[in-house]
Every structure is written in C-alpha cells, then in structure tokens.
Amino acid sequence: MASTLLVAGLAGCTSDDEGSGGDGDTIVIGADLNNSSSVDLAYGRALQLRIDQINASGRLGNRKLVLRTQDNRSDPKASLSNLTKFADDPSVAAVVTGSCEQCVLDNVKTINDRKLPTISLAAADEVAQPVGERPYIFKIGPNSADSAAALVGELNRIKVPNVAVLYADDYYGRGADKALDAELGKAGIDQAATRSVKPAATDITQAVGTLTDTKPGALIVLASPDQAALAASGARSAGFKGRIYFDAAAASDMFIPISAAAATNSTTMVFTQILAIDDVIATTPAKASRKQWFRDYVSRYGSYSGVASFAADAADLIAAGAARVGANRDQIRQIIETSQVDGISGPIRLTPANHSGLMPQALTLLVARAGRWRLAS
C-alpha cells in the first residue's frame, strides 16, 4: 500500500532522537482544518487513512504517528490559536493546514517564529511564496502557472480564437487569472471578457451571462468546485454551446453531482490523474501505489475526493522526516525541503528555492463524461 514516496522516504530511518521533542515514541501531526468544509473533511479523512497505513507498515519502528485535528472555522484568529497550541506541544512534529489560505498568510510570522514545519493544502501560490519569507511553510497542490500552461496548451492545440474568463476574487483566483493572462498572451489568444465573483457567491448568473454574451470560443473558470458547477450550469442555461474549461481548483469528487452532470458534460479540467485513476495502467510502482491508495480511500469512505492525494502526500513527507529524526522540527523542515519523491499526487520536487514542489508533469487533462471524470486521452 505504501507509496513510492513512503518507501523511499522511510528507507533511511534511524533511531536517533537527539534534539527531538516528545518522548520519541508518539509523534503528532497537527491538522488545522475547517470542520465545516467538504474539502477539509476530505483532507482530514486522507490524513487519518494515510497515518493508519504508515503505522501499520511498521516502517517507523517503535514510533507511532497520531493525528490531532483542530477546527479553525476558516478564521485566521482561530487558526493562530490552533497553531500556537501545536507549537507549544513538543510531540507535534509538523502541521498540515487546509483550504483556508488566509489562515496561513495571516500567521506566517507565528509559524516562522515558532519554527513549526507547516505543509499547506490551500490553493493559493502565496502560501509558500516568497520562499525567503516562508522558510517553514511548504505547499502540496497544483501551481497556478502550471495549471494555466496546461490549459492554454490545449486551447492552442485546438485553435480556440478567444476566451472569456471567470475567476474567484480571492488570493487563488487573482493569482490564477494573472498566470492565465500571461499564458494567453504568449499564445496570442484574445480575452473576449473577464469577470470576477466573490468566493462565497451562490448566484453568479449575471457574471456568467455577461461573459457568454461575448460569444467566446471557450469559457474558462478559475474557482471552487461549487462555483465552477454554477458557472457551467449558468452558461448552458444561457445557451452557450462553446467549450468550458476548469482549472485545478474546481476538482472535487470523482462523481459529479447529478444537478451539474448535464451542464458539465464534456467539460475539460486540468488536474492530476488520481480522479481518473481507473483509466491509468499501472506500468510503474508509483502508478500502482496511486491505484492502491484510490481503492483504499474508496473502501473506507465510499467515494473519492480528488484533493485527498495532497493530504496523503503531506503525511508521507512528514513521516519520512519523523522516521529519521523523531519530532525534531528543524531537521524535519530540512528533510521536507529537499524531498524528491513520486507521490500519490505525482512527482514532487522540493528545494530551498521552491517550497511548492508538485511538478507540472503531475497535471493532465480530464474530461467529464456520464457524470464522472475521465482521462481526456
């Protein structure tokens, strides 16, 4: 069951606990999540499953990983309280934070000052950039520039003349729009119109209608799963017959909600292979591990959430460090910072100059068919 990352990361484990916190036997991974968020629920489930698998593998010797979750309610102040509690406990080796990007960005100083290794699963690039100001913060997930390059590459291939862009007005959406604008400029593809919507907006009909009225060759949506579904439904209701594209932020469950299935049919999304892992042939150990992880998650929880792989990789990265140095936070940070692994999400290459290491090769094109995501080719 163990991924290539876990096998490689734990192969060099030792019993040296010098300088580590805690009693050396129980090592805690803290999780700062929003208990009311479906995305963070998937993160929490994936963390627990992966930690159970790591413990069962015996590769940590006498050590045992424990997950401790605190609810941040997507409130940076609550997140600060949680992070402080984790930092005060020497058995906490590192922390994984969820989808709340503001919770990380508002608490960078605390994370750095307390020397608390933190892996963020938030979508915004800013959580791990600039690296010089975030030495203890890492990110697992698609990068905006890579997602934009994959989208525009496909648009260029099929010769789409122009596009309309809808993006969420938050850190991620603004960054994704900027990256997309740069890639469209390089490709010489015109933007017929661009509109932003508030991240929590549930009625985006007017914004979508304004975009489709320009009759673009394609509609690109840079927003959360719920808003992406609303955008597709709104566009089809407005009579838009062009192509619809989602970036990686729209990824959710492998099965598309029935209410949005018809509207999103044939929609293309940039994401990792994990949502369409049934279409992947296990030609390498890494691919076999991803298929096994997918089956294990579905077996425990009944369905699969695309974002779960990011949390699994975060747990593996921390475990690889803990296996070697216990709960020594400085050394765990150094180990994470130089990790070169094939994870559940795809190839991850972290360096002192790059704390957001999911490689562009991890991304592919998925297409919605019959209510679920499939490989585009």
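The values are calculated or read from the model by the stated rules, or taken from the named source; none is laboratory data. What you see is a predicted model, and the numbers here were worked out from it, not measured in a lab. For neighbour counting, all protein chains shown are included, and Cβ atoms are generated from backbone atoms with ideal geometry for every residue, glycine included. Accessible surface is based on the protein model in full, side chains and every heavy atom, while ligands, DNA and RNA are left aside. Shrake-Rupley method; radii C 1.70, N 1.55, O 1.52, S 1.80 Å.
For region 275-306, a residue qualifies if it is open to solvent by less than 50 Å² (accessible area, probe 1.4 Å), touching a residue at least 24 places away in the same chain (Cβ under 8 Å) and over 28 Å from Gly242 (Cα atoms), and the qualifying residues are Val280, Ala286, Ser289, Arg290, Trp293, Asp296, Tyr297, Ser303, Tyr304. Assessment of region 138-153 against the conditions (of a type in the set (Phe, Trp, Tyr) and more than 24 Å from Ala308 (Cβ to Cβ)) yields no matching residue.
Matching residues to (1) of a type outside the set (A, V, I, L, M); (2) modelled with pLDDT under 95; (3) out of contact with any Leu (no Cβ under 7 Å at 6 or more places or on another chain):
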position: Asp23; (1), (2), (3): yes, yes, yes
position: Leu33; (1), (2), (3): no, no, yes
position: Gln48; (1), (2), (3): yes, no, no
position: Gly58; (1), (2), (3): yes, yes, yes
position: Gln70; (1), (2), (3): yes, no, yes
position: Arg73; (1), (2), (3): yes, no, yes
position: Pro76; (1), (2), (3): yes, no, yes
position: Asp106; (1), (2), (3): yes, no, yes
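Contact map, region 174-196: residues that are open to solvent by less than 60 Å² (accessible area, probe 1.4 Å) paired with residues that are aromatic (Phe, Trp, Tyr), Cβ distance under 7 Å, separation 6+ or inter-chain. Pairs shown: Ala176/Tyr167; Asp177/Tyr167; Ser196/Tyr167. Would you check if there is a residue in region 275-283 being in contact with a Phe, Trp or Tyr (Cβ under 8 Å, 6 or more places away or on another chain) and part of a loop (DSSP other than H, G, I, E, B)? No, because not a single residue in region 275-283 is in contact with a Phe, Trp or Tyr (Cβ under 8 Å, 6 or more places away or on another chain) and part of a loop (DSSP other than H, G, I, E, B). Restricting attention to region 229-274, the residues that are over 16 Å from Arg369 (Cα atoms), open to solvent by 40 Å² or more (accessible area, probe 1.4 Å) and part of a loop (DSSP other than H, G, I, E, B) total 3. Here the condition is being closer than 22 Å to Gln334 by Cβ, open to solvent by less than 10 Å² (accessible area, probe 1.4 Å), touching a residue at least 24 places away in the same chain (Cβ under 8 Å) and touching a strand residue (DSSP E or B) at 6+ places or on another chain (Cβ under 9 Å); of Val131, Val104, Val108, it holds for Val104 alone.
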